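Heads up, the thing below is written out as structure tokens.
The values are calculated or read from the model by the stated rules, or taken from the named source; none is laboratory data. Bear in mind the structure is a predicted one, so any value in this text is a computation, not a measurement. Positions of Cβ are generated from backbone atoms using ideal geometry, with glycine treated the same way; all protein chains shown enter the neighbour counts.
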Amino acid sequence: MPAQLADLPWLTVLIAVPAVAAALIWLVPALRKIARPLGMAVAVLVLIGTIVMATGFDAAGGYQFTETYTWMAQLGVSWAVGVNGMGLVLILLSVVLVPIVMLASWNEVVLPEGIKAEAAAKALAYRRAGYVALLLLLEAMMIGVFAARDLFLFYILFEAMLVPVYFMIGAYGGAGRRAAAIKFLLYGLAGGLVMLAGVVLVAVRSGGGEGALLLENLADVAAGDSAAVQMWIFLTFFVAFAIKAPMVPVHTWLPDAAGQAPPGTSTLLVGVLDKVGTFGMIAICLPLFPGASAAAAPVIIVLAILSIIYGGILAIGQHDLMRMIAFSSVSHFGFIVMGVFVGTQTAMVGAMLYMVAHGVTIAALFLISGFLTQRGATADMRTYSGMQRITPVIAGTWLLAGLASLALPGLSGFVPEYLVFLGSFEAHAAYGAFAVIGVVLSALYILLAYKRIFTGPVEAARAELTDAGGRERWTIVPLVLLVLFLGFYPAPVLDLLTGPADQFVAILGSAS
């Protein structure tokens with residue numbers, strides 16, 4: 001990267017561009033008419049900018065593209081951003097998925113019943129502009145939360161992300177959208193309030209002063225506390241991250257939210273936002289509370305295995321396609337959390353790669369399922385049959401995404417799941433042995449869903465449905481390519497993740 005470009009405040013610009021565009025679309029009436037193409041242009045611009053920034057990243061280095069500006073000096077709070085390999089990969093995942101979701105949702109926003117015909121055009125433009133503005137605002141927050149190096153800044157963005165998602169579910173979701181949105185918000189706020197107590201305790205122990213809450217300055221902040229105090233502070237963060245992740249038993253908000261949200265919103269909710277939970281476990285819990293993390297690891301691993309098995313069993317029992325996919329994610333997040341806390345470098349790399357692979361796979365499952373359910377006007381799998389004869393493109397690509405989800409070799413889910421298992425067996429054979437049950441369950445819920453929807457005789461009521469059109473196929477193509485890329489050649493992503501994995505495993509190992 002040329003020196004002139006290397007000196008740019010890349011992360012601040014990448015955060016500001018979609019945030020400003022969202023505000024302009026919302027506030028300027030003239031822009032509402034062109035909100036969708038303008039939003040797509042901004043999303044593509046942010047994607048290009050992130051790729052250009054990534055070309056200057058040194059995989060062998062630590063935090064890069066760092067910026068630090070004093071924000072609230074009396075509290076030691078800074079606008080401090082920067083990325084290591086894990087943060088960069090998750091930002092890339094975010095900015096890749098946003099334009100894909102925007103394209104998939106191009107005609108997704110419709111008018112509710114009761115709008116008068118003469119007001120329909122204006123009302124539809126207003127609703128579509130609102131959705132695009134919320135999507136761009138969410139993109140800015142996703143980039144910010146993965147780049148935040150100040151604990152207070154991370155907390156602010158962690159909580160602020162609830163707002164756009166709440167409106168994206170509550171205003172644009174299905175029949176039960178309001179209840180699902182409120183449940184999502186209450187769970188998120190509960191976790192955030194618990195986390196706020198931890199942030200305050202850490203701030204008090206930091207001693208104040210400029211840059212006091214920078215993550216790199218907090219490594220020893222709890223070192224002088226007793227083990228019990230360290231554990232209590234650790235739990236304030238871990239509980240918030242476990243809700244976000246989501247882990248059993250604090251997972252129940254996810255199926256309701258994903259089942260009622262528009263498919264594009266579910267894609268970002270499960271594909272990116274939930275990764276903030278596992279990201280926080282790695283980037284905050286491990287370095288700030290290594291002793292407590294090591295002490296709590298056996299209990300956390302048991303909860304992770306419970307999530308793997310329980311999520312898989314509940315996925316099998318679902319009739320609603322979107323809820324089935326959501327419960328499958330509860331199971332997959334169990335693999336990620338287990339990989340984080342078993343304490344081996346292999347499992348940690350696998351967990352980090354799992355976050356990326358799962359984001360791509362779940363995006364394909366939600367969006368392709370959305371194309372189907374929008375045609376059939378329901379997500380109830382019992383009302384479909386023989387759809388592979390009517391919608392072969394949707395059927396084929398859904399099966400590909402499903403096989404990636406159950407970790408078929410050559411697809412995106414195989415390498416991370418293999419690494420998590422390998423590292424888990426290295427740590428303790430029982431961990432891997434129980435987690436293997438999740439592999440069997442994943443094969444059952446994916447293949448049974450495919451059988452119910454896409455095979456068998458054609459339902460007469462579904463015979464006139466159409467297959468994926470041009471816009472929808474352009475949405476599917478990049479996801480299929482990413483599924484194949486991460487399956488056959490994950491080396492570039494692994495190179496970015498190996499350094500952070502070594503660092504965090506060393507922290508956990510020294511504490512143990």
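Within region 202-243, the set of residues being in contact with a helix residue (DSSP H, G or I) (Cβ under 6 Å, 6 or more places away or on another chain), free of Cβ contacts under 8 Å to residues at least 60 places away in the same chain and not hydrophobic (A, V, I, L, M, F, W, C) comprises 236 only. Filter region 467-512 down to residues that are surrounded by 13 or more Cβ atoms within 10 Å (Cβ to Cβ) and assigned to a loop (DSSP other than H, G, I, E, B) and give me whichever is modelled with the highest pLDDT. So the residue we want is 490.
Restricted to region 248-355, the set of helices (runs of 4 or more DSSP H) holding at least 2 residues that are touching a His at 6+ places or on another chain (Cβ under 8 Å) comprises 290-316, 321-341. Of the helices (runs of 4 or more DSSP H) entirely within region 1-98, those holding at least 1 residues that are within 24 Å of residue 151 (Cα to Cα) and aromatic (Phe, Trp, Tyr) occupy 10-27.
Hey, could you check region 9-52 for residues that are farther than 16 Å from residue 101 by Cβ, in contact with an Asp or Glu (Cβ under 7 Å, 6 or more places away or on another chain) and in contact (Cβ under 8 Å) with a residue 60 or more places away in the chain and say which is surrounded by the fewest Cβ atoms within 10 Å (Cβ to Cβ)? The qualifying residue surrounded by the fewest Cβ atoms within 10 Å (Cβ to Cβ) is 12.
Exactly one of these conditions fails for residue 408: (1) within 23 Å of residue 315 (Cα to Cα); (2) part of a helix (DSSP H, G or I); (3) aliphatic (A, V, I, L, M). Give me its number. (2) is the only condition that residue 408 fails.
From the list 464, 417, 426, the lone residue that is acidic (Asp, Glu), at pLDDT below 90 and either within 26 Å of residue 348 (Cα to Cα) or not in a loop (DSSP other than H, G, I, E, B) (or both) is 426. Checking each residue of region 430-448 against the condition of being in contact with a Phe, Trp or Tyr (Cβ under 6 Å, 6 or more places away or on another chain) and more than 22 Å from residue 263 (Cβ to Cβ) gives at least one match. Of everything listed in (1) surrounded by fewer than 23 Cβ atoms within 10 Å (Cβ to Cβ); (2) more than 21 Å from residue 293 (Cβ to Cβ); (3) among the hydroxyl-bearing types (Ser, Thr, Tyr), the single unmet condition for residue 172 is (1).
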